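The values are calculated or read from the model by the stated rules, or taken from the named source; none is laboratory data. Quantities reported herein were computed from a predicted structural model and do not represent experimental measurements. Quick reminder, even Gly has a Cβ in these numbers, built from the backbone with ideal geometry, and neighbours come from all protein chains shown. These area figures cover heavy atoms from the full protein model, side chains too; ligands, DNA and RNA do not enter into them. Shrake-Rupley method; radii C 1.70, N 1.55, O 1.52, S 1.80 Å.
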Amino acid sequence: MRNFYSMSTGGFYPESKRAVYEMAGTWPEDAAAVTAEEEAALRASTLVDESFAVLSARYFDSVRTTREVVLNRLAGIGMAALANDDAATVQAIHLARADLLDITSCAAVVAAQNIAALQAAVSAEYARIAATLPDEGRRAFTDAGITLPPPVTL
């Protein structure tokens with residue numbers, strides 16, 4: 001039995017079912033016959049891609065959960081700063097919260113091609129955001145279990 005592969009759908013189609021697919025109008029125009037070896041390689045590469053997709057989805061779930069903890073803590077710090085007329089802290093908190101909301105879609109995170117690179121990009125982004133905050137704001141990250149590098153002192 002010969003199989004066909006479609007790049008546009010990412011699926012395999014057995015030749016024995018071609019007539020059924022064609023009658024339904026679902027046989028892909030780009031379907032190409034593949035050898036057993038080619039099919040095995042394509043299936044293996046698909047599994048690798050799917051596993052990163054699954055891993056990254058799970059990882060993003062944990063990032064969003066952690067982010068919520070930090071966002072809530074920063075909201076409290078921002079409210080206290082507002083009550084104390086600390087405009088600089090209020091502004092820093094506001095910008096940090098906006099960056100945290102975008103953490104899963106920033107360029108470095110989106111560019112990650114494997115789970116290690118994704119974790120490194122998110123960690124770097126957390127560190128970048130935290131570095132813009134006063135010590136109390138940085139504690140919101142560490143209280144949420146995020147390990148930050150020590151602050152740079154000049």
**OP:** Output the number of the condition that residue 115 fails; it satisfies all remaining conditions of (1) modelled with pLDDT of 95 or more; (2) open to solvent by 20 Å² or more (accessible area, probe 1.4 Å).
**Re:** (1)
Subject >> Pair list, Cβ under 7 Å, 6 or more apart: region 94-122 residue over 23 Å from residue 137 (Cβ atoms), other residue open to solvent by less than 40 Å² (accessible area, probe 1.4 Å) and in a helix (DSSP H, G or I) >> reply: 112/118; 112/121; 115/56; 118/56; 118/109
Subject >> Residue ID - farthest from the chain's Cα centre (by Cα), chosen from residues in region 1-45 that are open to solvent by less than 40 Å² (accessible area, probe 1.4 Å) and among the hydroxyl-bearing types (Ser, Thr, Tyr) >> reply: 13
**OP:** May I ask you to list the residues in region 130-145 that are farther than 15 Å from residue 67 by Cβ, assigned to a loop (DSSP other than H, G, I, E, B) and in contact with a helix residue (DSSP H, G or I) (Cβ under 7 Å, 6 or more places away or on another chain)?
**Re:** 132, 134
Subject >> Index of the failed condition, residue 148 passing every other in (1) closer than 20 Å to residue 62 by Cβ; (2) open to solvent by less than 70 Å² (accessible area, probe 1.4 Å); (3) in contact (Cβ under 8 Å) with a residue 24 or more places away in the chain; (4) not in a helix (DSSP H, G or I) >> reply: (3)
**OP:** Determine whether region 98-109 contains at least one residue that is buried (at least 20 other Cβ atoms within 10 Å of the Cβ) and more than 15 Å from residue 59 (Cα to Cα).
**Re:** yes
**OP:** Being closer than 24 Å to residue 6 by Cβ and surrounded by 12 or more Cβ atoms within 10 Å (Cβ to Cβ) is the filter here, so list the residues in region 52-92 that pass it.
**Re:** 52
**OP:** Evaluate the following for residue 95: is it closer than 27 Å to residue 54 by Cα and modelled with pLDDT of 95 or more?
**Re:** no
